[in-house]
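Written below as structure tokens is the structure these notes are about.
The values are calculated or read from the model by the stated rules, or taken from the named source; none is laboratory data. All values derive from a computational prediction rather than experimental measurement. All Cβ positions, glycine included, derive from the backbone under ideal geometry; neighbour counts span all protein chains shown. Calculation scope for accessible area: heavy atoms of the full protein, side chains included, ligands and nucleic acids excluded. Shrake-Rupley method; radii C 1.70, N 1.55, O 1.52, S 1.80 Å.
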Amino acid sequence: GAVVSQHPSRVICKSGTSVKIECRSLDFQATTMFWYRQFPKQSLMLMATSNEGSKATYEQGVEKDKFLINHASLTLSTLTVTSAHPEDSSFYICSATPGLNLNEQFFGPGTRLTVL
Amino acid sequence: GENVEQHPSTLSVQEGDSAVIKCTYSDSASNYFPWYKQELGKRPQLIIDIRSNVGEKKDQRIAVTLNKTAKHFSLHITETQPEDSAVYFCAASSVYGNKLVFGAGTILRVKS
């Protein structure tokens, strides 16, 4: 149980285009989903927290107009990287929690984004 | 906000030896402390976690200890094996918002 999927696993795009990444909780309802970015040889950095039906909360330094997050249902959150640039190339990982103050987060397999 | 520091950044041990990774946190409201193992290009995998009402937890070769007063917690791996080689991350979160703050990571190399 507690499986989280992400799609796509890898994406290559041209500079200036937008890319959408999907995160799904397959066997539980996720009241909260989180989006992380991980650069090579670095730790996971939280980008934003999204709750179903409400606006995402972005971490300091993360541009909300560039990284659009939609959490339209209890099983799906999407991250859209708009006007992507080479510096946005990274490993993007989502996680989901069923809430109830249980703290544990279940991670998706990640999406490798390469912007040319 | 919470700040988590992790040491060492790299750790090399001989197969069969023990490995210890230490983390400190700053927010006394944090009450959940997971440890993750991450292999290259893959998702972090939860290997063990501890909550603030417990001082120690063990699962086979892996154990975690927590000192709330000193605000530090440690991962202990005994009888290390080559397949334990990976990057290990500690993290901390509080019941308020469930946000996880990660340490910088430790590259563990187990030499056979």
Which condition breaks for residue B:93 when tested against (1) touching a residue at least 24 places away in the same chain (Cβ under 8 Å); (2) in a loop (DSSP other than H, G, I, E, B); (3) closer than 27 Å to residue A:94 by Cα; (4) over 12 Å from the mean Cα position of the chain (by Cα)? (2)
Any residue in the stretch B:39-56 that's under 13 Å from residue B:73 (Cα atoms): show its pairings with residues that are open to solvent by 70 Å² or more (accessible area, probe 1.4 Å) and part of a strand (DSSP E or B) at Cβ separation under 7 Å, as long as the two are six or more apart or on different chains. B:48/B:57; B:48/B:59; B:50/B:57
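Taking the residues in the stretch A:103-116 that are at the interface with chain B (Cβ under 8 Å from one of its Cβ atoms) and closer than 13 Å to residue B:99 by Cα as candidates, determine which candidate is modelled with the highest pLDDT. So that I can check it myself, show each step before the final result.
Looking only at the stretch A:103-116, we keep the residues that are at the interface with chain B (Cβ under 8 Å from one of its Cβ atoms), and these are A:103-105, A:107-110, A:112.
Going one step further and asking which of them are closer than 13 Å to residue B:99 by Cα, we end up with A:103-105.
Details: A:103: 74, A:104: 84, A:105: 90.
Once the filter is applied, the top-ranked residue is A:105.
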How many residues of the stretch B:24-56 are basic (Lys, Arg) and modelled with pLDDT under 95? The answer is 1
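For the stretch A:6-21, give me each residue that is surrounded by 16 or more Cβ atoms within 10 Å (Cβ to Cβ) and under 12 Å from the mean Cα position of the chain (by Cα). Spell out how you get there, then give the answer.
Taking the stretch A:6-21 and keeping what is surrounded by 16 or more Cβ atoms within 10 Å (Cβ to Cβ), we get A:6, A:11, A:13, A:19, A:21.
Correct list: A:6, A:19, A:21.
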Quickly run through the stretch B:95-112 and pick out the residues that are crowded, with 21+ Cβ neighbours inside 10 Å and within 10 Å of another protein chain (Cβ to nearest Cβ). B:98, B:100, B:101, B:102, B:103, B:105
Could you grab me the full set of residues in the stretch B:36-65 that are under 14 Å from residue B:89 (Cβ atoms), open to solvent by 50 Å² or more (accessible area, probe 1.4 Å) and under 14 Å from the mean Cα position of the chain (by Cα)? B:45, B:46
Say whether the condition of being of a type in the set (Val, Ile, Thr) and open to solvent by less than 70 Å² (accessible area, probe 1.4 Å) is met by at least one residue in the stretch B:66-76. no
Condition met for residue A:97 (under 25 Å from residue B:41 (Cα atoms), in contact with a strand residue (DSSP E or B) (Cβ under 8 Å, 6 or more places away or on another chain) and modelled with pLDDT of 95 or more): no
Taking the stretch A:32-45 and keeping only residues that are modelled with pLDDT under 95 and at the interface with chain B (Cβ under 7 Å from one of its Cβ atoms), one is left with A:32
Please pick out the residue among B:20, B:13 that is over 15 Å from the mean Cα position of the chain (by Cα), β-branched (Val, Ile, Thr) and surrounded by 13 or more Cβ atoms within 10 Å (Cβ to Cβ). B:13
Residue by residue through the stretch B:77-91, note down the ones that are within 19 Å of residue B:16 (Cβ to Cβ) and open to solvent by 20 Å² or more (accessible area, probe 1.4 Å). B:78, B:79, B:81, B:82, B:83, B:85
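Of all residues in the stretch A:1-56, which are basic (Lys, Arg) and either free of Cβ contacts under 8 Å to residues at least 40 places away in the same chain or touching a helix residue (DSSP H, G or I) at 6+ places or on another chain (Cβ under 7 Å) (or both)? Let's see the steps before the verdict.
As a first pass, look at the stretch A:1-56 and keep what is basic (Lys, Arg): A:10, A:14, A:20, A:24, A:37, A:41, A:55.
Of everything in the stretch A:1-56, those that are basic (Lys, Arg) and either free of Cβ contacts under 8 Å to residues at least 40 places away in the same chain or touching a helix residue (DSSP H, G or I) at 6+ places or on another chain (Cβ under 7 Å) (or both) turn out to be A:41, A:55.
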